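Worksheet: the structure to be examined is printed underneath.
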Amino acid sequence: MSESIPARDFGPVSPEKMKTMAALLQDPNPIHWDVDAVRKLDMGDRPVNQGPINMSFLVNTLTSWTNDPGALRELVIRYQANVFAGDVVHCEAALESEADGLARCAVTASVDGKPVITGSATLARRH
Amino acid sequence: VSEDFQDRVGHRFPGGTVSVPHWENWLWCDAVLADHPAHRSEAAARELGYPAPLVHPGLVYFACVRGARITFADIFNLMDFDENDGPMFGEQRMVFAEPLLEGLEYEAEGEITAVLRKEGRRAGVFDIVTFEIRLSREGRPVVASTSSFVLPRRHLSPQGAA
């Protein structure tokens with residue numbers, strides 16, 4: 001397979017975006033917006049990025065490649081680890097097959113080489 | 001009521017309709033650094049052949065949950081689970097027949113499809129509850145979402161387990 005899907009980096013992850021996301025999701029968990037709450041849980045001193053933000057970074061990477069946000073046909077993910085404010089999330093997708101206008105790939109989001117999301121995706125491609 | 005919660009399988013959520021307004025999609029895209037113009041502009045969406053801006057796929061999962069008229073707290077209650085015991089997202093799968101578009105109304109329905117009890121040496125006893133939500137428009141399937149929560153059952157775990 002000669003073609004590759006360009007990787008993308010997102011970040012440093014902003015605590016301000018986490019506040020927007022907490023309000024959108026009506027998520028009362030303070031680890032996303034209150035550093036004191038994070039410290040009390042011995043999770044360090046940086047807010048924890050919401051999983052859906054990390055997942056969306058992966059989606060952005062895939063749909064940048066297709067140049068069509070409507071191209072996603074299937075996404076399967078597992079959350080593996082937390083991302084904290086200030087981290088840079090590296091998103092990559094490895095093309096595994098392409099047939100009948102559908103591209104299948106393995107996807108990974110990672111921070112400093114450690115996976116935070118793993119999974120797979122299928123995209124429709126226009127030719 | 002069964003101890004292994006198998007009687008929860010098949011529990012149907014109320015269901016209903018859902019639409020994603022422009023402001024919500026805009027703020028989501030801003031928060032997740034989604035820069036494709038077809039998420040925000042009708043003209044850019046039309047260039048790709050869509051009649052309205054596309055809802056970001058990350059937000060679609062939450063549109064499914066909202067449309068099915070469930071909250072995560074409802075699922076924890078149904079599973080007799082205390083949120084303070086540390087629920088975790090399990091696998092999430094979304095299948096799109098077509099993208100979700102801003103401002104359109106979709107029908108949502110869903111149910112619990114599986115409850116699986118497991119025991120790990122480090123994790124102790126936990127249940128995996130899986131639920132499926134489907135969105136459709138005018139009878140056409142649009143999105144199917146299957147996702148799960150991992151619910152640690154600390155009171156059933158050997159002392160010292162996570």
10 Å Cβ shell holding at most 15 others, DSSP loop, trypsin sites (Lys or Arg not before Pro): longest site-free stretch of chain A: A:1-124
Inter-chain Cβ neighbour average for residues B:23-32, partner chain, 10 Å: 5
Chain B: equivalent-ellipsoid semi-axes (sqrt of 5 x gyration tensor eigenvalues, Cα, Å): 35, 17, 12
Per principal axis, descending, Cα span of region B:40-86 in whole Å: 49, 19, 11
Summed residue charge, Cβ within 13 Å of residue B:50's Cβ, Lys/Arg positive, Asp/Glu negative: -2
Those residues of region B:33-72 whose amide nitrogen sits under 17 Å from the label point placed on residue B:26, 7 Å along Cα→Cβ: B:33-45, B:52-56
MRE, 222 nm, helices only [DSSP H, n ≥ 4, -39500 (n - 2.57), over chain A, to nearest 500]: -8000 deg cm²/dmol
19 Å reach of a label modelled at residue A:102, 7 Å along Cα-to-Cβ, counting backbone N of region A:71-92: A:71-77
Environment charge of residue B:138, counting only residues whose C-beta is closer than 15 Å and scoring Lys/Arg +1, Asp/Glu -1: -1
Extent along principal axes [Cα atoms of region A:1-59; Å; largest to smallest]: 49, 24, 16
Proportion of all alpha-carbon pairs of region A:58-127 beyond 20 Å (%): 29
Peptide B:42-48 - average C-beta neighbours from other chains (10 Å radius): 1
Whether region A:1-109 is rounded, prolate or oblate, judged on the alpha carbon gyration tensor where a/c under 1.5 counts as rounded: prolate
With at most 13 neighbouring Cβ atoms within 10 Å, loop GluC sites (Glu not before Pro) (DSSP) excluded, longest segment of chain B: B:4-104
Per-residue average of Cβ from other chains inside 10 Å of A:19-29: 3
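Read-outs throughout are calculated quantities, based only on the coordinates presented, and are distinct from any laboratory measurement. All of these numbers come straight from a predicted model, not from anything done at the bench. Virtual Cβ from ideal backbone geometry, glycine too; neighbours counted across all protein chains shown.
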